[in-house]
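Chemist: Okay, here's the structure, questions in a sec.
The values are calculated or read from the model by the stated rules, or taken from the named source; none is laboratory data. This one's a predicted model, so the numbers in the text were calculated from it and none came from an experiment. Note: ideal-geometry Cβ built from the backbone for every residue, glycine included; neighbour counts use all protein chains shown. Heads up: the accessible areas ignore ligands, DNA and RNA and are worked out on the full protein's heavy atoms, side chains in. Shrake-Rupley method; radii C 1.70, N 1.55, O 1.52, S 1.80 Å.
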Amino acid sequence: MRTVVVGNGIAGVIFSKTLRDLNPQMEIDIYTEEKYHYYPRPNLIEFLALNLPYEKIFAFPEKWYKDRNLNVHLQESVRKIDVDSQKVEIKGGKKENFDVLFLANGARPFIPPFKGVDKKGVFTLRTVDDCMAILDYLKNHPKVTIIGGGLLGLEIARGMRARGAEVEVLEYFEHLLPRQLDVQGASLLKQQIEKMGIKVRLGSATEAVLGQKEVEGLRLKEGNELKTEMAIVAAGVRSDIDLAKHAGLEVDRGVVVNDYLRTTHSRVYAGGDNLQHRGKNYGIIPAAFSQAKVAAHNAAGEPQLYRGTVPSNTLKVMGIHLTSIGLIKPEKSSYRIWRREDREKGIYKKVVVHEGIPVGAVWLGTKKGINEINRVISQKVNIEKWEDSILQDDFDFSVL
């Protein structure tokens, strides 16, 4: 029996490792266009921010793969899949058989269709090579603009600032992180970010990259222009579905799978950033990890169901702790909102309450009390009588 894995990101590697644990005799080959072994993408940010040495970017040494008899084929991408003959075509035209195929070829950065995006000095950050190219260009181009103020954009901004760059972030929406924060919390986060020496421009959309051959500035849709020497686009990702689509598998915004993480072909599974399960694309590490393990069990003949993944709400944005739980922007007047803000300390807390029961919360700038408020929300504890004290730093949650 032979399993072919397409992609060596977290989904591909965890699938392979789990399958090996379940079946010591299975032949497992991992094909990837990468020239490096697996690395968690957050490690690129930590390397960029001078918090991690280059050699620590990678998750496992080469010996780890050899000890588990995992055959990793670096720079050998799969170019075509023939599901009927159960063959894949590798870069260069070589064909390989498979009994089981696991698609974990991930996603690619999305670049909005503004003019001049092909100019020298426009980057995305997805791979080690992207990271090294950015650092090389930065040596002579220290004025940097990040296009996109989501989690990735803000983290890139932190890394570039740590490298000594002059950094400005452009965000399309009127406040940062609209999925995780309300207006008040986002205002405080913006203040904290600007204290780090990073400019933030809200409600701004890029229309064109200016310059002859290299980036010299950006023209914004609101009409004004700004000077910059480098632009890093952090506008999200799109699932890489071309391989599956051309193989005749069902695709939508991702490769469509059932609860067994099986595609529309019984021998082909998928997991990670390229997957669409029950209409959802997750694009987060915990989901990829769970999907890989479930798919491996099914490929090994030990059926398991994937029920979805509850996204982690605890984040660290530019070193600032942020937790967002449940309903944070209620539209009905029957919901009450309790807030406490300390701009000097950079702390913002909010609880959304319905008939005395908390249904959502935001904790920014502190971790203290977050596990407790999470439990209170999940257990639907009535907190009505503690309105004046529950958001204080010294509140004793044991009274609940």
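Residues checked against (1) over 27 Å from the mean Cα position of the chain (by Cα); (2) exposed (fewer than 14 other Cβ atoms within 10 Å of the Cβ); (3) of a type in the set (D, E, K, R); (4) part of a strand (DSSP E or B):
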residue: 321; (1), (2), (3), (4): no, no, no, yes
residue: 325; (1), (2), (3), (4): no, no, no, yes
residue: 329; (1), (2), (3), (4): no, no, yes, no
residue: 332; (1), (2), (3), (4): yes, yes, yes, no
residue: 338; (1), (2), (3), (4): yes, no, no, yes
residue: 350; (1), (2), (3), (4): no, no, yes, yes
residue: 358; (1), (2), (3), (4): yes, no, no, yes
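Chemist: Can you pull out the residues in the range 83-99 that are open to solvent by less than 90 Å² (accessible area, probe 1.4 Å) and of a type in the set (Lys, Arg)?
Modeler: The one that is open to solvent by less than 90 Å² (accessible area, probe 1.4 Å) and of a type in the set (Lys, Arg): 87.
Chemist: So which of 207, 250 is in contact with a Ser or Thr (Cβ under 8 Å, 6 or more places away or on another chain) and either open to solvent by 70 Å² or more (accessible area, probe 1.4 Å) or modelled with pLDDT under 95 (or both)?
Modeler: Working: 207 fails: in contact with a Ser or Thr (Cβ under 8 Å, 6 or more places away or on another chain).
Every option except 250 fails the conditions.
Chemist: Also, quick follow-up: Any residue at all in the range 119-126 that is under 17 Å from the mean Cα position of the chain (by Cα) and crowded, with 19+ Cβ neighbours inside 10 Å?
Modeler: Yes, that holds for at least one residue.
Chemist: Can you tell me which residue in the range 298-319 is least open to solvent (accessible area, probe 1.4 Å), limited to those that are among the charged types (D, E, K, R) and outside any strand (DSSP E or B)?
Modeler: Going through the qualifying residues, I end up with 302.
Chemist: Looking at (1) more than 30 Å from residue 75 (Cα to Cα); (2) assigned to a loop (DSSP other than H, G, I, E, B); (3) among the charged types (D, E, K, R), find the lone condition where residue 168 falls short.
Modeler: Residue 168 satisfies every listed condition except (2).
Chemist: Looking only at the range 270-287, decide whether some residue is modelled with pLDDT of 95 or more, among the hydroxyl-bearing types (Ser, Thr, Tyr) and surrounded by 15 or more Cβ atoms within 10 Å (Cβ to Cβ).
Modeler: No: zero hits.
Chemist: Okay, moving on. Taking the range 127-146 as the search range and keeping residues that are closer than 27 Å to residue 284 by Cα and of a type outside the set (A, V, I, L, M, F, W, C), which one is nearest to the chain's Cα centre (by Cα)?
Modeler: Checking each candidate, the answer is 127.
Chemist: Check 149, 203 and return the single one that is under 20 Å from the mean Cα position of the chain (by Cα), closer than 21 Å to residue 110 by Cβ and among the small types (Gly, Ala, Ser).
Modeler: Going through 149, 203 in turn, the sole match is 149.
Chemist: Then there is this: Scan the range 360-380 for residues that are touching a residue at least 24 places away in the same chain (Cβ under 8 Å) and open to solvent by 40 Å² or more (accessible area, probe 1.4 Å) and jot them down.
Modeler: 367, 368, 372, 374
Chemist: Output the residue which, of all residues in the range 170-194 that are over 26 Å from residue 219 (Cα atoms) and charged (D, E, K, R), is surrounded by the fewest Cβ atoms within 10 Å (Cβ to Cβ).
Modeler: Selected residue: 179.
Chemist: Further question on the same structure: Within the range 59-159, considering only strands (runs of 3 or more DSSP E) that don't extend past its boundaries, which have at least 1 residues that are within 17 Å of residue 244 (Cα to Cα) and among the aliphatic types (A, V, I, L, M)? Walk me through it before giving the result.
Modeler: On the way: elements: 70-73, 78-82, 87-90, 95-97, 100-103, 107-109, 143-147.
Those strands (runs of 3 or more DSSP E) span 78-82, 87-90, 100-103, 107-109.
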